[in-house]
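Written below as structure tokens is the structure these notes are about.
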Amino acid sequence: MSKYIFVTGGVVSSLGKGIISSSIGKLLQARGYSVTIQKFDPYINIDPGTLNPYEHGECYVTEDGMETDLDLGHYERFTGIRTTRDNSVTTGRIYKTVIDRERRGDYLGRTIQVVPHITDEIKRRMLRAGDFDANNQRQAGGSTSNTFDFIITEVGGTIGDIESAPFMEAIRQLRWELGRDAVCVHLTYVPYLKAASELKTKPTQHSVKEMQGMGIQPDILILRTEKHLSDNVRMKVASFCNVELECVVQSEDLPSIYEVPVNMQRQGLDAALLRKFGIPVGETPALGPWRNFLEKQRKLTKELHVALVGKYDLQDAYKSIRESLSLAGVYEDVKVKIEFVNSEHIDESNVAEQLSGMQGVLICPGFGHRGIEGKIVAAHYTRTHGIPTLGICLGMQMMVIEFARNVLHFTDANSTEMDRHTTHPVIDIMEEQKQNVNGGTMGGTMRLGAYRCSLRAGSRVATAYAPSSQCAVADGPSFISERHRHRYEFNNKYEQDYEQNGMQCTGRNPESDLVEIVEVAEHPWYVGVQFHPEYSSTVLHPHPLFMDFVKHCL
Ligand code: GLN
């Protein structure tokens, strides 16, 4: 029988529920339990795939091809688990399931209501009971998801939001039905008022009262704070909120999010959880490899300057890329200083200045016209100046276009995403995508999720991947598996032109022949990948491509 942990947030958003959920997952895993973490988002979009990154940050992609909230990236990086489409649910998806069922006549003439129909569907997904969607896929490795020892459910938004009310009602009912097998963790904020030199617990008290008003008593409170909380403050919260003192934990600002699990363990969060479930606590796990990583991270002094060339000037828009670079840096004993360079402001006259001092350049993924010419100029500059460059997805496509324009002399070369009438469509729409773009079915229809790629022996990428065991060496040393999110691809008609002029196609999908990787052998490190290596980098297993990139930047 699985145990259920619900993680909610109060007072303000952006407190880091995802980090707390991931840390809980990590700590329980370290005690030998199997764990999964799922995110319920109260917005109405079916998935974040169609959302602008300015709304909720990066769109993360699971191996089975679901476009999800970026918190799933934290879950994977912290715990190493591979999430699936079951781990990410929105209000839109819940309603769609219920409405599809109603249209099929499954409800036999009854009135469909938020309670019980919507709440029942939320509960079913929280319990991970049964198949949710027609193309539901199960956890890699064949285990059915309802055999996890712990199922951690994070609910997006803040207590009191109108749209999260059905989720709270579902949690209330589940707590009642599951009894001791369900525990509620509530994350709040304790602000420090400078003028009064005081930490204020009132917002926390109000947030808990609001929960109690919904019929939910939190079992564990995690207080986010910028200052250390004394025992007195914790005692006050405990007594006003009906929570035991040992269950009031503080989460201070730390230099790295990866310090959080250790901080939580130090305060006995995992032990408190186990006691709530009536499970014997046992010995505290050493977290050896994790602590080694932190030790390495704390000692970093040397810096490496890497430019992120993209169009979204927002930390969260390239979350997984930033984390992958930093993680690789830790293993290469260097602190990666990431400088965002807005590609909309790059042109030939200023590129040298914009990229000055950069030891490596990463050309970011993206969609649409905005900022692409700047990416092409940056790719040209780094290719002709021997600066290590990694292009991801749209970044790779821009490297291909740059090479066509400046080496192959196809001056109007482009992607048909940007110019339908180019005489040299070196990047072209995939055949099976034409109907989606023309027919306007844009949600969840890209080439998504993990596909195999064979690596050319002796290539830069084959060497980069060779020492790693992490990157799904599926069928032998020259096969990898990586996640995708695109509609356009390298146009194979031009392959010979590229090969003969110095850009090699060193990775391809063995089934469709789609070019997955291009590289320039004559360059210190110039690699473009159609896939997204950033989605599969974890704390304990940094991605080999990022490792090799960082190594060569150094
Ligand atoms: N817009 C490009 C495509 O659809 C690249 C997508 C991306 O960078 N994720 O192929």
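The values are calculated or read from the model by the stated rules, or taken from the named source; none is laboratory data. Please read these numbers as outputs of a predicted model, since none were measured by experiment. A quick note on method: Cβ atoms are made from the backbone with ideal geometry, for glycine too, and the neighbour counts reach across all protein chains shown.
Here are the numbers for the structure shown:
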read-out	value
Cross-chain or 6+ apart pairs with Cβ under 6 Å, segment 440-461 first and free of Cβ contacts under 8 Å to residues at least 60 places away in the same chain, then within 14 Å of the ligand (Cβ to nearest atom) and assigned to a strand (DSSP E or B)	447/484; 447/486
Residue list for segment 44-73, restricted to those being assigned to a helix (DSSP H, G or I) and under 9 Å from the mean Cα position of the chain (by Cα)	71, 72, 73
Answer from 472, 450 - the residue that is at pLDDT below 95, away from the ligand (no atom under 13 Å from the Cβ), buried (at least 17 other Cβ atoms within 10 Å of the Cβ) and within 25 Å of residue 538 (Cα to Cα)	472
Identity of the residue in segment 299-345, among the polar types (S, T, N, Q) and crowded, with 20+ Cβ neighbours inside 10 Å, that ends up nearest to the chain's Cα centre (by Cα)	320
Every pair of residues 6+ apart whose Cβ atoms lie under 9 Å, when the first sits in segment 480-503 and is within 25 Å of residue 368 (Cβ to Cβ) and within 13 Å of the ligand (Cβ to nearest atom) while the second is of a type in the set (Phe, Trp, Tyr) and in a helix (DSSP H, G or I)	482/535; 483/535; 485/535; 490/498
Conditions (1) among the small types (Gly, Ala, Ser); (2) crowded, with 23+ Cβ neighbours inside 10 Å; (3) in a loop (DSSP other than H, G, I, E, B); number of the one not met by residue 23	(3)
Residue among 372, 346, 338 that is under 24 Å from residue 395 (Cα atoms), within 16 Å of the ligand (Cβ to nearest atom) and of a type in the set (A, V, I, L, M)	372
Selection from segment 475-507 of residues that are among the small types (Gly, Ala, Ser) and either modelled with pLDDT of 95 or more or surrounded by 16 or more Cβ atoms within 10 Å (Cβ to Cβ) (or both)	478, 481, 502, 507
Unique residue being more than 20 Å from residue 100 (Cβ to Cβ), of a type in the set (Gly, Ala, Ser), at pLDDT 95 or above and in contact with a strand residue (DSSP E or B) (Cβ under 9 Å, 6 or more places away or on another chain) when the list is 73, 32, 80	73
Any hit, segment 256-268, residues being over 21 Å from the mean Cα position of the chain (by Cα), under 30 Å from residue 232 (Cβ atoms) and part of a loop (DSSP other than H, G, I, E, B)	yes
Boolean, residue 63 is among the acidic types (Asp, Glu) and touching a Leu at 6+ places or on another chain (Cβ under 6 Å)	no
Members of segment 408-429 that are part of a strand (DSSP E or B), more than 10 Å from the ligand (Cβ to nearest atom) and touching a helix residue (DSSP H, G or I) at 6+ places or on another chain (Cβ under 7 Å)	414, 426
Odd one out for residue 95, checked against (1) in a helix (DSSP H, G or I); (2) touching a residue at least 60 places away in the same chain (Cβ under 8 Å); (3) within 26 Å of residue 115 (Cα to Cα)	(2)
Neighbours by Cβ (under 7 Å, 6+ apart or cross-chain): first from segment 402-425, farther than 23 Å from residue 365 by Cβ; second within 16 Å of the ligand (Cβ to nearest atom) and assigned to a loop (DSSP other than H, G, I, E, B)	412/422
Matching residues in segment 509-544 - criterion: being away from the ligand (no atom under 16 Å from the Cβ), in contact with a Leu (Cβ under 9 Å, 6 or more places away or on another chain) and within 17 Å of residue 392 (Cβ to Cβ)	525, 526, 537, 542, 543
Residues being buried (at least 20 other Cβ atoms within 10 Å of the Cβ), more than 12 Å from the ligand (Cβ to nearest atom) and either among the polar types (S, T, N, Q) or in a strand (DSSP E or B) (or both) - total across segment 378-407	3
Among (1) loosely packed, with under 15 Cβ neighbours inside 10 Å; (2) in contact with a Lys or Arg (Cβ under 9 Å, 6 or more places away or on another chain), the one test that residue 439 misses	(2)
Residue tally, condition touching a His at 6+ places or on another chain (Cβ under 7 Å) and buried (at least 23 other Cβ atoms within 10 Å of the Cβ), over segment 58-98	2
